[in-house]
Amino acid sequence: MLFPSAHLRALCASAVLLAGCRSDGRTPVVLYSPHGRDQLTLLEHAFEAEHPGIDVRWLDMGSQEILDRLRFERVNPQADVWFGGPTTIFDRGIHDSVLESYRPAWAGRVGPDGVGPHDLYFPAYRTPAVIAFNSRLVSRADAPKDWDDVLDPRWRDKVLIRDPMASGTMRAIWGLILERSLRETGDTARGMAWLRRLDGQTKAYTLNPAILDARLARGEGLVTLWDLPDILISRSKGMPFDYTFPRSGTVVIDDAIGLVRGGRHPAAAKEFIDFVGSEEGQLLAAERVFRLPALRDLPEHRIPDWVVGVEREMVVTPMDWVMLATEGPGWMSYWDRRVRGTGREHSW
């Protein structure tokens, strides 16, 4: 049987993941997550210290890639926990029956936004989108202050974009632009025209966040649209990054977690989900990897200063997440077929 290349890569990654971990008597719990090595390693070690009988294993990939893979593996699930991604993509996972109901111990301390039907997922974090830039080459005074500023001719061929077809964050930003168009005009045409202009500004669509970071740090591009936690993590490692919150408002993703239907280790998976949303897990992620907690009742004296500052500074644009879950796949398909790569053909 021949597999598409993406599925073949996924199978190879599974083989490496499973073969690379020795059987030591512990119960494995397998995570599929877009949260990156820093956060996944941090939580792996913290969770295993409290649960020495459980071995956390993870694969880091884009949100859309996770959904595609869970669909492909539906008859023989390899993952136990889907950890991270916008609720719009989780809603599509519900449609494809890849999630199983589980109400974690902290369920009553989050929401109501971001909670899936029938307890199929819950929000673990809130992830804002920002306009980021190379702070060594662009001053804060000169950096774009709003979405439309990125279309200024001065940024032509200086914008780097994470490939939106694989990224839940980028799909949410695209959704913000298209929903804005619908509110203002009743149609997505203006939004698609905006995205075509952005395409004309874009130097490259990068395959993954690591490549995006490297190219932005080298100055191969000066500006990007991305999520706040990744920018702050990279800056903490010495990369020359800074950011602005768009003045007109930004999209804040309810970043979800859910139990994979038919996973091999449901008890260990539930333990991990409970840990992620616990007070300890939330504060650890906030302090070490810049995640905005979803818990609404954390002790004020324990909330990191950067969280307080972000909550004060950012303006949140209301989103119709149901519409985005329903219409988003069609919008993205149209963008990929009819808009990507066409921006330079137009003069504005």
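At q = 0.17, 0.20 Å⁻¹ the log10 of I(q)/I(0) for region 191-348 amounts to -1.31, -1.41, computed by Debye summation with a single uniform scatterer per C-alpha, solvent ignored. GNM on the chain, alpha-carbon springs under 10 angstrom: the most fluctuating residue among H301, H45, H265 is H301. A convex hull fitted to the Cα coordinates of region 27-73 yields 57 cubic angstrom per residue. Expressed as a whole percent, the accessible area of the chain that falls on carbon and sulfur atoms is 52 (1.4 Å probe).
Against the set (1) 6, 27, 38, 25, 4, 0; (2) 5, 21, 25, 21, 15, 9, 3, 0; (3) 5, 25, 34, 25, 9, 1, 0, the structure's computed P(r) over Cα pairs in 10 Å bins from 0, in percent falls on (3). Our coupling estimate for region 65-73, obtained by passing each phi through the Karplus curve with A = 6.51, B = -1.76, C = 1.60 and θ = phi - 60°, is 4, 5, 4, 4, 6, 4, 4, 5, 9 Hz, Gly and Pro reported as x. Taking amide hydrogens as placed 1.01 Å from N in the peptide plane, the amide H of M239 sits under 5 Å from that of no residue at least 5 positions away in sequence or on another chain. Taking θ as phi - 60° and the Karplus parameters 6.51, -1.76 and 1.60, the scalar couplings of region 175-191 work out to x, 4, 5, 6, 5, 4, 4, 5, 5, 7, 10, x, 8, 8, 4, 5, x Hz in sequence order, x denoting glycine and proline. In terms of overall dimensions, the C-alpha atoms belonging to region 271-348 reach 53, 32, 23 Å along their principal axes, ordered largest to smallest. From most to least packed by mean Cβ count within 10 Å, the peptides 222-230, 149-157, 92-100, 328-336 give 222-230, 92-100, 328-336, 149-157. The smallest convex shape that holds all Cα atoms of region 163-241, its convex hull, gives 91 Å³ per residue. Pairs of lysine residues in the chain that meet both criteria, 8 or more places apart or on different chains and Cα atoms under 29 Å apart, total 6. Spatial offset of region 127-174 relative to region 25-43 amounts to 29 Å, using the alpha carbon center of each. Rounded to the nearest Hz, the phi-derived 3J(HN,Hα) couplings of region 250-266 under the Karplus curve 6.51 cos²θ - 1.76 cosθ + 1.60 (θ = phi - 60°) are 10, 8, 10, 7, 6, 8, 9, 9, x, 8, 6, 5, x, x, 7, 9, x, where x marks glycine and proline. In region 182-228, the C-alpha radius of gyration followed by the widest Cα-Cα span (Dmax) gives 13.8, 41 angstrom. Residues considered: R296, R261, R140. Largest GNM mean-square fluctuation over the chain, using C-alpha springs under 10 Å, is found at R296. Binning all Cα-Cα separations of region 116-261 at 5 Å, short to long from zero, yields these whole-percent fractions: 2, 10, 18, 22, 20, 13, 8, 5, 2, 0. Highest average first, the peptides 285-291, 85-91 ordered by how many other beta carbon atoms sit within 10 Å of their residues are 85-91, 285-291. Once Rg and the Kirkwood radius are both taken over the C-alpha atoms of region 53-142, their ratio Rg/Rh works out to 1.09.
Surface analysis of the chain yields an accessible area of 44 Å² per residue, using protein heavy atoms and a 1.4 Å probe. Largest GNM mean-square fluctuation across G25, G262, G114, computed for the chain with C-alpha springs under 10 Å, falls on G25.
The values are calculated or read from the model by the stated rules, or taken from the named source; none is laboratory data. As the structure is a computational prediction, the values presented were derived from the model and not from experiment. Glycine gets a Cβ as well: all are built from the backbone with ideal geometry, and neighbour counts include every protein chain shown. All accessible areas refer to the heavy atoms of the entire protein, side chains included, with ligands and DNA or RNA removed. Shrake-Rupley method; radii C 1.70, N 1.55, O 1.52, S 1.80 Å.
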